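Contents: one structure, followed by commentary.
Readers should treat all values here as calculations from the given coordinates under stated rules, not as data from a laboratory. What you see is a predicted model, and the numbers here were worked out from it, not measured in a lab. For neighbour counting, all protein chains shown are included, and Cβ atoms are generated from backbone atoms with ideal geometry for every residue, glycine included.
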Protein chains: 2
Amino acid sequence: MSTLPDLEHIRDAAARIAPYAAVTPVLRSARLDALAGAELHFKCENLQRGGAFKFRGACNAVWSLDDAQAARGVVTHSSGNHGNALAMAAATRGIPAHVVVPEGAVRAKLEAIERAGAVLHRCAPTQAAREAAAAEVQRQTGAELVHPYADARVMAGQGTLVLELVRQVEGLQALITPVGGGGLGAGCAIAAHGLDPDIAMYGAEPAGADDAARSLARGTRVADFHPDTVCDGLRALIGEPNLDALRAHRTHIVTVTDEEAIAAMKLLWQELKQVVEVSSATVLAAVLKQPEHFSGRRVGLVLSGGNVDLDTLPW
Amino acid sequence: MSTLPDLEHIRDAAARIAPYAAVTPVLRSARLDALAGAELHFKCENLQRGGAFKFRGACNAVWSLDDAQAARGVVTHSSGNHGNALAMAAATRGIPAHVVVPEGAVRAKLEAIERAGAVLHRCAPTQAAREAAAAEVQRQTGAELVHPYADARVMAGQGTLVLELVRQVEGLQALITPVGGGGLGAGCAIAAHGLDPDIAMYGAEPAGADDAARSLARGTRVADFHPDTVCDGLRALIGEPNLDALRAHRTHIVTVTDEEAIAAMKLLWQELKQVVEVSSATVLAAVLKQPEHFSGRRVGLVLSGGNVDLDTLPW
């Protein structure tokens, strides 16, 4: 597989993960439709196994390995949903998972990763230290690196949610996902346009981590980047192949402030009764902020995850 | 219809409300199954229209009226989910709804009732004042009283969720609902045993509002009753016909403390990613508290509603 998957890869991924992943429901709300002036269809990846879409990509990566490679296990560096997803995916195949986590990561998340059966490897909280620690695990164990987003197997897995969504919602006209590293945005854009080139693709980014918007605007990838946002799931720098995919699929990025994302999060909890992360809420915030893109249209919104610390809500 | 509905009434109700009510999903969690040592199937009435099961009963009552009666409207006394549900149900038929609300009721709830198009009538916060105010509205308008739970049409409507649940979950062995006034418990027991007399029926009650448990134990309805519980949806006194139904269907009541209900609420938010009321969480608290009733069984748990004030969470 090259650096980007195609529709066939995404279809293969869907078949590969079907025994393990959930087909997530699509929810609607008359009140949110009225607020947006559009027909909103929320794809509830907070109800995916592990509480986030990340399980799709991790599971596809794990089950793409041949038996010899699988026996040596998988490794990643992520203290968030991808680390947990890879641990859970490895467990479905009964293979070792190694997760490199920076000092200072949230304890509840680490406990979840350990509960899923992964070995934790601690490192300093810098990108260089994470990559060095993961490389060291690879060297010692022969484990396969599964990058959180700059990996065609991972993008293909994330794109599988679109295959479900177009079966669940006929005549989708626009689709919006949160954008962090861009695994979700790239996978979804490739899947959507593989099925229907007329679906308009949108990404939602926090203003404090708008590197994808700036990278698309200036034509090259922004690399001097210091994220400052409450949206902890969207702090990653957009990946190089991910950026290529967003550009190729004419993804329009809407940036929202943390305050807008938090207000949208509360609306989603109140109206949809779904526990979703503030990162997920950026998609609703974006639709409410730039209604000219969505007005009167049938819009899919990906609620990417629901792993929230209930003791420190942002409002 | 007599004071209690039968299975045919519940089937009629299902047909009557089908154009308006949601078929709510059933969710599961491997972690909660492991904690309970049972197979738990959560019927998500928090995703019902209006955010609670109450819409089922209210909608059935509204659409049971003949045209002449319907034109005069409906009235109830409830500042909670039933008032909102009746307002929304009346709107589906385009008829007037009057809701008597006690002084001091939560403003957000009153705004929702008004948004649904009902006329609010304020009264003093006592049972006698509520009933007098509702009778006065009836006298002036000819509106039909739709009691929140001691009404066969309402019970039949609530029971429709069981018709869905048995289609969604094969081989259900036990079913547990929260018990307040008993409209939900009665309707569900009648529906469940109409379909399969072997389903064991359970009710969950807060220890500070355990009048159903005490009434069943002593054989007559407890009427000297001062509820003291955080479970605001379960403070009502069990209705007379409702108590009859619980007794006839051998409903075993499990009482849980407020602390147990709050802990279960948090678990449901974390693991199911569902915003549910503390009243709803009593069912999970009960299953975790008395596992001897549920161990190894396929259990349906009714998550009755999700209308929560997100600014004052109980943990």
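Data for the structure
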| quantity | calculated |
| --- | --- |
| Cα-projected label distance for A:A18 with B:R115, points at 7 Å along beta-carbon direction, nm | 4.1 |
| Pseudo-label separations to other copies for B:E131 - Cα-to-Cβ vector, 7 Å, nm | 7.5 |
| Mean-position separation - Cα centroids, region B:247-315 and region B:163-220, in angstrom | 13 |
| Fraction of antiparallel bridges per DSSP, the protein assembly as shown only, in percent to nearest 5 | 10 |
| Candidates B:E260, B:E45, B:E205: whichever shows maximal mean-square fluctuation once chain B is modelled as a Gaussian network with Cα springs under 10 Å | B:E260 |
| Kirkwood Rh, angstrom, the protein assembly as shown [1 / mean 1/r, Cα pairs] | 25.6 |
| Considering only chain A, percent of DSSP beta bridges that pair antiparallel, nearest 5 | 10 |
| In the protein assembly as shown, lysine pairs with alpha-carbon atoms under 18 angstrom apart (chain gap of 8 or more, or interchain) | 22 |
| Tail beyond 23 Å, pair distance distribution of region B:55-145 (Cα, percent) | 14 |
| Residue-averaged 222 nm ellipticity for chain A, from DSSP H runs of 4+ at -39500 (n - 2.57), nearest 500 | -13500 deg cm²/dmol |
| Spin-label pair A:D196/A:A248, simplified geometry with 7 Å Cα→Cβ offset, distance in nm | 2.2 |
| Helix runs (DSSP H) in chain B reaching 24 Å along axis by Cα, Kyte-Doolittle at least -1.0 | B:152-168 |
| Cβ-vector label at 7 Å, B:V23, separations to other copies in nm | 1.3 |
| Bridge type composition, region A:1-146 - antiparallel percent by DSSP, nearest 5 | 15 |
| Förster radius 22 Å - calculated FRET efficiency between B:T141 and B:T3 (Cβ-Cβ, nearest 0.05) | 0.30 |
| Alpha carbon Rg of region B:77-202, scaled by the compact-globule rule 2.2 N^0.38 Å | 1.21 |
| 5 angstrom amide H check on A:H121, placed H, neighbours 5+ away | A:V99, A:V100, A:V101 |
| Amide H within-cut-off set for A:I238, under 5 Å, with H built and near neighbours excluded | A:A212 |
| Charge context of B:G182, other residues only, Cβ under 12 angstrom, K/R +1, D/E -1 | -3 |
| For B:P227, inter-copy label distances in nm, listed shortest first [label point 7 Å out on the Cα-Cβ vector] | 4.4 |
| Counted charge near A:Y20, where neighbours are those whose Cβ lies closer than 10 Å (Asp, Glu -1; Lys, Arg +1) | +4 |
| Theoretical FRET efficiency, 1/(1+(r/R0)^6), r = Cβ-Cβ of B:R214 and B:R28, R0 22 Å, to 0.05 | 0.05 |
| Gyration tensor (Cα) of chain B, equivalent ellipsoid semi-axes in angstrom | 29, 21, 19 |
